[in-house]
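Engineer: Take a look at the following structure, please.
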Amino acid sequence: MAKNPETMPLVTLESVTKRYAAITALDGVDLNIHAGEAVCLAGENGSGKSTLIKVLVGVEQPSAGRVLFDGVPQTRLTPTTATSAGVQVIFQDFSLFPNLSVAENISMTAERATGTLMVRRARARARAAEVLARVGVDLDLDARVERLPVAHKQLVAICRALAADARLIIMDEPTTALTEREVARLLDLIRRLKADGVAVLFVSHKLAEVLEVCETVVVLRNGAKVAEGPAADFDSASLTRAMTGRDVASGPPTPLDAAAPPLLRVDGLCRAGAFEDVSLSLRAGEVLGVAGLLGSGRTTLAKALFGLARPDRGQVTLNGAAIPLGDPIAAAAAGIGYVPEDRLTEGLFLEQSIAHNIAVGRFDAHSHSGVLNLKNLWEEATVWLKRLSVKAPDPTAPVRSLSGGNQQRVVLARWMARKPRVLILNGPSVGVDVGSKAEIHGIMADLAAKGLGVIVISDDLPELLATCHRILVMKDGIITEEVSGGAGVTESELSHRLAS
């Protein structure tokens with residue numbers, strides 16, 4: 001449904017400002033969203049996107065300016081009044097009840113809105129079935145949500161919003177954990193929602209998706225709106241420039257030295273139900289990609305190379321020396337590092353300081369006679385913060401306080417401090433903004449230039465093509481082919497090889 005500029009906007013923000021003490025998170029932001037319109041809210045981490053959403057749904061009150069629904073100013077917006085006005089948010093974790101069924105999750109918000117103390121199961125099932133039919137989705141109403149794949153959980157969250165008569169659905173990074181095929185289905189669903197008059201505020205770091213599904217783009221930087229216009233007026237380069245304030249270079253990796261010696265070798269690695277007969281080699285200074293859809297075995301392979309998953313058979317050698325299988329301590333001691341895909345649950349101690357997160361596993365290097373030298377630990381962390389351009393107040397700040405891109409740099413700093421010979425990066429830029437992504441890619445290139453071997457596991461095809469010398473295609477636990485990175489293959493060709 002095309003936006004009609006003469007109609008009353010569904011949602012209006014007028015000069016909205018939000019201050020936290022001396023910090024201005026939003027600075028005089030104006031925004032209009034019409035029924036049936038998809039608006040992209042773009043910006044790097046820390047640009048003000050999350051704060052704007054919190055204001056829009058009544059979690060935070062603006063310090064200045066006002067919010068209007070259907071032209072009516074909201075004197076004090078609360079989550080309840082926002083929900084009553086049809087504003088629903090789908091967060092990255094979906095905020096579902098894992099122990100409840102699909103039908104119960106879909107109808108929960110709507111049932112609560114009736115004020116009844118008892119849930120009428122027949123009515124709940126009927127409501128859920130109606131919404132699923134509306135969006136053309138077939139899900140088992142009785143299935144427990146915790147057993148659903150990520151893409152189906154997201155559909156349940158969308159249907160829950162529609163069951164509560166959503167007029168504006170805010171989607172926060174909706175495609176982070178989806179495969180390319182699942183992303184295509186989600187974008188089709190968004191188009192159907194727009195045709196049905198539902199507005200969508202789409203927050204994503206994946207610029208191609210944004211430009212494909214949205215009519216309007218609004219860019220925030222440092223809390224202020226710096227660009228706005230029809231999506232057709234933007235491309236990836238101009239949108240990146242608006243988000244970061246600079247041109248972000250992206251190109252093929254530096255050619256690998258033909259004389260680079262072999263570093264890592266994997267022969268006949270097998271793990272039942274995950275991958276079979278995987279053999280690969282990695283040279284010093286090489287960036288090797290492994291491309292595969294979710295369920296291809298790529299993550300289990302990455303964990304097996306680091307010892308977190310024990311293969312049934314096979315061999316891994318580093319500089320000719322065999323690495324014990326299923327032993328991450330031995331792998332780390334031999335010089336293999338691993339940066340997990342889910343840094344929040346697998347890579348960081350969120351309540352601990354940045355310095356402690358960098359030094360973890362190496363505290364003996366900062367202690368004498370069992371006493372930890374905190375000054376030495378802080379000084380080392382400060383060096384890494386500067387070297388990797390981590391935006392943080394100081395090394396004592398909790399790592400939870402950092403943006404996704406800066407958290408990823410902290411995990412990288414931990415392994416770089418150990419001086420590994422091989423670094424395995426599983427989804428190195430998942431959930432980080434475009435500026436941080438380019439900087440992380442730069443770090444990877446610098447590591448390779450210094451002779452490290454880097455293995456990148458990802459379903460982000462442009463990332464693989466921009467950073468890898470070779471790319472292994474993995475399907476159903478099997479390496480099916482090898483392609484050249486850089487200009488050796490196009491994104492569409494690589495995508496076809498993954499899907500075929």
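Engineer: Could you please state, rounded to a whole Å, how far the C-alpha centre of region 299-344 is from the C-alpha centre of region 389-427?
Structural biologist: 20
Engineer: Whole-Hz Karplus ³J(HN,Hα) for region 30-35, in order, using 6.51 cos²θ - 1.76 cosθ + 1.60 and θ = phi - 60°, x for Gly and Pro?
Structural biologist: My calculation for region 30-35 gives 9, 7, 10, 10, 9, 4 Hz in order.
Engineer: If you don't mind, another one. What are the radius of gyration and Dmax of region 403-482, computed over its Cα atoms and given in Å?
Structural biologist: That works out to 12.9, 37 Å for Rg and Dmax.
Engineer: With an 8 Å cut-off on Cα pairs and a minimum separation of 6 or more residues, tell me the relative contact order of region 11-244 in percent.
Structural biologist: Contact order relative to length: 29 percent.
Engineer: Mind listing the long-range amide H neighbours of L26? Cut-off is under 5 Å, sequence gap 5 or more, other chains count too, H placed in the peptide plane at 1.01 Å from N.
Structural biologist: K18
Engineer: Going by average Cβ neighbours within 10 Å, how do the peptides 230-238, 188-196 rank, with the highest at the top?
Structural biologist: Final packing ranking: 188-196, 230-238.
Engineer: Using the Karplus curve 6.51 cos²θ - 1.76 cosθ + 1.60 with θ = phi - 60°, work out ³J(HN,Hα) for each residue of region 382-389 in order, rounded to whole Hz, and write x for Gly and Pro.
Structural biologist: Each residue of region 382-389 in turn: 4, 4, 5, 4, 6, 5, 9, 6 Hz.
Engineer: Moving to a separate point now. From the mean inverse distance of alpha carbon pairs (Kirkwood) and the Cα radius of gyration, derive Rg over Rh for region 250-293.
Structural biologist: 1.07
Engineer: Another one. Which whole-number percent is the relative contact order of region 262-499 (Cα, under 8 Å, 6+ apart)?
Structural biologist: Computed over region 262-499, the figure is 27 percent.
Engineer: Also, quick follow-up: Whole-Hz Karplus ³J(HN,Hα) for region 263-271, in order, using 6.51 cos²θ - 1.76 cosθ + 1.60 and θ = phi - 60°, x for Gly and Pro?
Structural biologist: Running phi through 6.51 cos²θ - 1.76 cosθ + 1.60 with θ = phi - 60° gives 10, 10, 9, 10, 10, x, 6, 9, 9 Hz.
Engineer: The list (1) 69, 50, 42; (2) 61, 51, 43; (3) 70, 50, 47 gives values of Cα extents along the principal axes in Å, and only one came from this structure; which label was calculated from it?
Structural biologist: Entry (3).
Engineer: Would you mind finding the longest exposed-site-free stretch of the chain, with exposed GluC sites (Glu not before Pro) meaning DSSP loop and at most 10 other Cβ atoms within 10 Å?
Structural biologist: So the longest stretch without any such site is 7-350.
Engineer: If you project the alpha carbons of region 138-273 onto their three principal axes, what span does each projection cover, largest first, in Å?
Structural biologist: 63, 47, 24
Engineer: Run the numbers on the chain and let me know its relative contact order in percent, using alpha-carbon pairs under 8 Å that are six or more apart.
Structural biologist: Computed value for the chain: 15 percent relative contact order.
Engineer: Please flag any cysteine in the chain that has no other cysteine's Cβ under 4.7 angstrom from its own Cβ.
Structural biologist: By the Cβ distance rule, which asks for a partner under 4.7 Å, the isolated cysteines are C159, C270, C468.
Engineer: Also, quick follow-up: In µm²/s, what is D for region 262-499 at 25 °C and 0.890 mPa s, where D = kT/(6 pi eta Rh) by Stokes-Einstein and Rh is the Kirkwood radius from Cα pairs?
Structural biologist: 135
Engineer: Toward the positive end of the charge dipole of the chain, about the Cα centre and with charges on Cβ (Lys, Arg +1; Asp, Glu -1), which of L288, I90, T345 goes farthest?
Structural biologist: Of the candidates, T345 comes out farthest on the positive side.
Engineer: In terms of modelled amide H atoms, which long-range or inter-chain residues lie less than 5 Å from the amide H of E37?
Structural biologist: Answer set, sorted by chain and number: A199, V200.
Engineer: For S204, list long-range residues whose amide hydrogen, built 1.01 Å from N in the peptide plane, is under 5 Å from its own amide hydrogen.
Structural biologist: The answer is L41, E173.
Engineer: Additional query: So, with +1 on the Cβ of K and R and -1 on the Cβ of D and E, and no other charges, what is the size of the charge dipole of region 1-81 about its Cα centre, to the nearest 20 debye?
Structural biologist: In total the dipole reaches around 280 debye.
Engineer: Arrange the peptides 419-429, 91-101 so that the one whose residues have, on average, the most other Cβ atoms within 10 Å appears first.
Structural biologist: 419-429, 91-101
Engineer: Hey, another quick one. Tell me, what does the Kirkwood hydrodynamic radius of region 85-201 come to in angstroms if you use every pair of distinct C-alpha atoms?
Structural biologist: About 14.2 Å for region 85-201.
Engineer: Let me ask something additional. Which order do T83, T75 fall in if you start with the one that has the fewest other Cβ atoms within 10 Å?
Structural biologist: If I rank by nearby Cβ atoms, fewest first, I get T75, T83.
Engineer: Using only Cα atoms, tell me the angle between helix 150-163 and the longest principal axis of the chain; keep it within 0 to 90° and round to the nearest 10.
Structural biologist: Compared with the principal axis, the helix lies near 10 degrees.
Engineer: Also, quick follow-up: So what is the calculated 222 nm ellipticity per residue for the chain, using -39500 (n - 2.57) for each DSSP H run with n of 4 or more, over all residues, to the nearest 500 deg cm²/dmol?
Structural biologist: -10000 deg cm²/dmol
Engineer: How large is log10 of I(q)/I(0) for region 11-244 at q = 0.07, 0.12, 0.13, 0.14 Å⁻¹ when the intensity is taken from the Debye formula with one equal scatterer per alpha-carbon?
Structural biologist: -0.23, -0.67, -0.78, -0.90
Only the coordinates and a few stated rules stand behind these numbers; no lab work does. Worth saying up front: this structure is predicted, and the values here are computed from it rather than measured. Cβ sites come from the backbone with ideal geometry, for glycine too, and all protein chains shown count toward neighbours.
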